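Contents: one structure, followed by commentary.
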Amino acid sequence: MWLFPTLKSKKDLEGEAPGKLGPDARKAWASQRYQLALDALLSDLGANLVPGAILDAEFTNGELKFFIGGHVAIDKIFLSEAEGEFIAAQWKVLASTYSITEKTDGKKFANALRKIGESGNAALVAQIIERQQKLAEIEAEIAEAEAAVNALVYALYGLNAAEIATVERA
């Protein structure tokens with residue numbers, strides 16, 4: 001599974017199976033170990049998926065990463081520059097539009113991350129990357145305007161720092 005590059009394949013795990021097992025038992029052993037490892041990775045991913053968590057993606061130095069709440073949730077995905085920028089742009093759009101609920105788990109979120117478009121059309125890829133960058137600029141402008149409005153409201157109501165912190169936590 002390309003989302004988890006450290007996850008050993010079933011074939012690799014078969015090679016690690018106890019030698020006394022027959023071929024079918026080795027496959028079953030490997031399949032069980034694979035599922036346990038995958039479930040653990042999905043559980044770790046889901047542990048950070050709390051409503052309100054900030055999601056983000058980046059592609060730097062050939063490595064694609066995804067962040068949940070400021071912590072690296074997925075990493076060690078090494079891609080070509082063009083492919084990495086394209087997937088990062090799609091993941092950034094997902095990050096800005098995905099709504100985490102109490103029912104969001106690691107498996108559901110991993111499936112969302114894997115649903116990316118592929119294109120051999122360089123112009124389309126460039127356009128998607130450009131549009132994502134424009135979206136990020138607009139979101140930053142909105143956040144800045146929202147902070148200014150909040151500051152005005154806090155001043156209007158004469159809130160102190162503790163009261164502002166309470167409002168912002170809610």
I'd like the full set of residues that are within 27 Å of the chain's Cα centre (by Cα) and buried (at least 17 other Cβ atoms within 10 Å of the Cβ), limited to the stretch 11-25.
13
Mind counting the residues in the stretch 103-113 that are over 14 Å from residue 68 (Cβ atoms) and assigned to a loop (DSSP other than H, G, I, E, B)?
1
Out of all the residues in the stretch 94-103, is one or more over 27 Å from residue 37 (Cα atoms) and either over 18 Å from the mean Cα position of the chain (by Cα) or among the polar types (S, T, N, Q) (or both)?
yes
Among the numbered conditions (1) farther than 22 Å from residue 103 by Cα; (2) modelled with pLDDT under 95; (3) outside any helix (DSSP H, G or I), tell me where residue 27 comes up short.
(3)
Among the numbered conditions (1) of a type in the set (Ser, Thr, Tyr); (2) open to solvent by less than 80 Å² (accessible area, probe 1.4 Å); (3) more than 30 Å from residue 7 (Cβ to Cβ), tell me where residue 157 comes up short.
(2)
Among the residues of the stretch 44-54, are any open to solvent by less than 50 Å² (accessible area, probe 1.4 Å), within 26 Å of the chain's Cα centre (by Cα), of a type outside the set (Lys, Arg) and farther than 15 Å from residue 107 by Cα?
yes
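Yes or no, residue by residue, for (1) buried (at least 18 other Cβ atoms within 10 Å of the Cβ); (2) of a type in the set (A, V, I, L, M, F, W, C); (3) touching a Leu at 6+ places or on another chain (Cβ under 8 Å):
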| site | (1), (2), (3) |
| --- | --- |
| 27 | no, no, no |
| 60 | no, no, no |
| 68 | yes, yes, yes |
| 79 | no, yes, yes |
Among the listed residues 110, 165, identify the single one that is open to solvent by less than 60 Å² (accessible area, probe 1.4 Å), closer than 26 Å to residue 49 by Cα and in contact (Cβ under 8 Å) with a residue 12 or more places away in the chain.
110
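Just need a number here: residues in the stretch 35-52 that are in contact (Cβ under 8 Å) with a residue 40 or more places away in the chain and not in a helix (DSSP H, G or I). Before you say what the answer is, go through the steps one by one.
Kept after step one, since they are in contact (Cβ under 8 Å) with a residue 40 or more places away in the chain, are these residues of the stretch 35-52: 41-47, 49-52.
Still in the running and not in a helix (DSSP H, G or I): 49-52.
Looking only at that region, the number is 4.
Could you pull out the residue among 86, 4, 66 that is in contact (Cβ under 8 Å) with a residue 24 or more places away in the chain and part of a strand (DSSP E or B)?
Working: 86 fails: part of a strand (DSSP E or B); 4 fails: part of a strand (DSSP E or B).
Every option except 66 fails the conditions.
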Checking 116, 128, 100 in turn, the sole residue that is among the β-branched types (Val, Ile, Thr), touching a residue at least 24 places away in the same chain (Cβ under 8 Å), more than 23 Å from residue 50 (Cβ to Cβ) and part of a loop (DSSP other than H, G, I, E, B) turns out to be 116
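The values are calculated or read from the model by the stated rules, or taken from the named source; none is laboratory data. In this text the structure is predicted, and so the values were computed from the model without any measurement. Note that we place each Cβ from the backbone using ideal geometry, even for glycine, and neighbour counts take in every protein chain shown. Please note that ligands, DNA and RNA were not included when accessible areas were found on the heavy atoms of the full protein model with its side chains. Shrake-Rupley method; radii C 1.70, N 1.55, O 1.52, S 1.80 Å.
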